[in-house]
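Asks: Before anything else, here's the structure in question.
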Amino acid sequence: GQNIDQPTEMTATEGAIVQINCTYQTSGFNGLFWYQQHAGEAPTFLSYNVLDGLEEKGRFSSFLSRSKGYSYLLLKELQMKDSASYLCAVLAPGAGSYQLTFGKGTKLSVIP
Amino acid sequence: GAGVSQSPSNKVTEKGKDVELRCDPISGHTALYWYRQRLGQGLEFLIYFQGNSAPDKSGLPSDRFSAERTGESVSTLTIQRTQQEDSAVYLCASSLPNPGREGYTFGSGTRLTVV
């Protein structure tokens, strides 16, 4: 089975740094994704990790440790527009091909 | 097309009526996925297509729900005899056969309200 855990909600201050953690237990592993979803909108791709380590992309970074079944998304210099839900998803073999299994998402509120 | 297109964007229907939701995936994306998202909740997997076949229908919540795909392109999700509990946003996503590092691309969803 597939199990992905992430905190339900987080609050952080504008200009600060926030780390959103994700732990997973899956049958197989072919990569980990982070998606951003603003209220009322579709999820959009943020990052992809398949090897251990840190991937940096502007204000956002994502880290993966496959041995620990652990990832985090790091958001620096927070802006009000970063208020959104952040979804952790693991790519693993599924029926016929590979499928993403999503966590329930972390709702991040950025306050002034 | 340039992105995943879903229609209608909003649908209000009376309890007991049937509804059809449509998804146009990105051209060349042979894999297509349907999800349901209730207000404030996570993504609930419904069904997955590879080409016109559905290897995984495990998420369909009841026999009132069905989906088909034709021409390895457009997919239709049908909900028969709608219930108020069916009210949600229905999201469609598409990908290459192996999502790889590109993952899924989502459409903007259909917001279904059953009154």
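Asks: What does the charge dipole of chain A about its Cα centre add up to, to the nearest 20 debye, if the Cβ of each Lys and Arg holds +1 and the Cβ of each Asp and Glu holds -1?
Replies: 120
Asks: Using the crude model of +1 on Lys and Arg Cβ and -1 on Asp and Glu Cβ, and no other charge, please compute the dipole size for chain B relative to its Cα centre, in debye to 20. Let's see the in-between values first.
Replies: On the way: 12 positive and 12 negative charges, 46 e Å.
My answer is approximately 220 debye.
Asks: Treating the Cα atoms of chain B as identical point scatterers in vacuum, please give the log10 of the normalised Debye intensity I(q)/I(0) at q = 0.11, 0.13, 0.16, 0.20 Å⁻¹, two decimals.
Replies: Normalising to I(0) and taking log10 leaves -0.32, -0.44, -0.67, -1.04.
Asks: Restricting attention to the range A:1-100, which chymotrypsin sites (Phe, Trp or Tyr not before Pro) occupy a DSSP loop and are surrounded by at most 16 other Cβ atoms within 10 Å? Working shown, then result.
Replies: Details: sites: A:Tyr24, A:Phe29, A:Phe33, A:Trp34, A:Tyr35, A:Phe45, A:Tyr48, A:Phe60, A:Phe63, A:Tyr70, A:Tyr72, A:Tyr86, A:Tyr98; in loops: A:Phe29.
Listed in order of number, the matching sites are A:Phe29.
Asks: Hey, for a label at A:Asn21 modelled as a point 7 Å past Cα toward Cβ, could you say which residues of the range A:73-96 have their backbone N under 15 Å away?
Replies: Residues A:73-74 qualify, since their backbone N sits under 15 Å from the label point.
Asks: Can you give me the distance in nm between label points at A:Glu14 and A:Asp52, each placed 7 Å from the Cα along the Cα-to-Cβ direction?
Replies: Placing both labels 7 Å beyond Cα along the Cβ direction yields 4.0 nm.
Asks: Can you tell me the accessible area per residue over chain B, all protein chains present, probe 1.4 angstrom, in square angstrom?
Replies: Per residue, chain B has 47 Å² of solvent-accessible surface.
Asks: Need one number: % antiparallel among DSSP beta bridges in chain A, to the nearest 5.
Replies: Roughly 90 percent of the DSSP beta bridges within chain A come out antiparallel.
Asks: Counting Lys and Arg as +1 and Asp and Glu as -1, each charge on the Cβ, what is the dipole of the range B:1-51 about the Cα centre in debye, to the nearest 20?
Replies: Charge dipole of the range B:1-51: 140 debye, to the nearest 20.
Asks: Please list B:His29, A:His38 from largest to smallest accessible area, probe radius 1.4 Å, with all protein chains kept in place.
Replies: The most accessible residue leads, giving A:His38, B:His29.
Asks: Would you check the protein assembly as shown for Lys pairs whose C-alpha atoms are within less than 22 Å, ignoring same-chain pairs closer than 8 in sequence, and give me the count?
Replies: 8
Asks: Across the protein assembly as shown, what fraction of all alpha-carbon pairs, as a whole percent, falls in each successive 10 Å bin from zero upward?
Replies: Histogramming the protein assembly as shown at 10 Å steps yields 8, 33, 35, 20, 5, 0 percent.
Asks: Starting from the range B:1-85, pick out the GluC sites (Glu not before Pro) whose DSSP state is loop and whose Cβ has at most 12 other Cβ atoms within 10 Å. Let's see the in-between values first.
Replies: Details: sites: B:Glu14, B:Glu20, B:Glu44, B:Glu68, B:Glu72, B:Glu85; in loops: B:Glu14, B:Glu72.
Loop-located and lightly packed - B:Glu14.
Asks: Explain nothing, just compute: Karplus ³J(HN,Hα) = 6.51 cos²θ - 1.76 cosθ + 1.60, θ = phi - 60°, for every residue of the range B:51-56 in order, whole Hz, x for Gly and Pro.
Replies: x, 9, 9, 10, x, 9
Asks: How compact and how long is chain A, expressed as Rg and Dmax of its alpha-carbon atoms in Å?
Replies: In order Rg, Dmax, the Cα atoms of chain A give 13.7, 47 Å.
Asks: For the range A:41-105, what is Rg from Cα atoms divided by 2.2 N^0.38 Å, rounded to two decimals?
Replies: So the Cα radius of gyration is 1.22 times the expected 2.2 N^0.38 Å.
Asks: Provide the per-residue ³J(HN,Hα) series for the range B:106-112, in order, calculated from phi with Karplus coefficients 6.51, -1.76, 1.60 and θ = phi - 60°, each as a whole number of Hz, with x at glycine and proline positions.
Replies: These are the phi-based 3J(HN,Hα) values: 9, x, 7, x, 10, 8, 9 Hz.
The values are calculated or read from the model by the stated rules, or taken from the named source; none is laboratory data. Only a predicted model underlies this, so the values are computations on that prediction, with no experimental measurement involved. A quick note on method: Cβ atoms are made from the backbone with ideal geometry, for glycine too, and the neighbour counts reach across all protein chains shown. Calculation scope for accessible area: heavy atoms of the full protein, side chains included, ligands and nucleic acids excluded. Shrake-Rupley method; radii C 1.70, N 1.55, O 1.52, S 1.80 Å.
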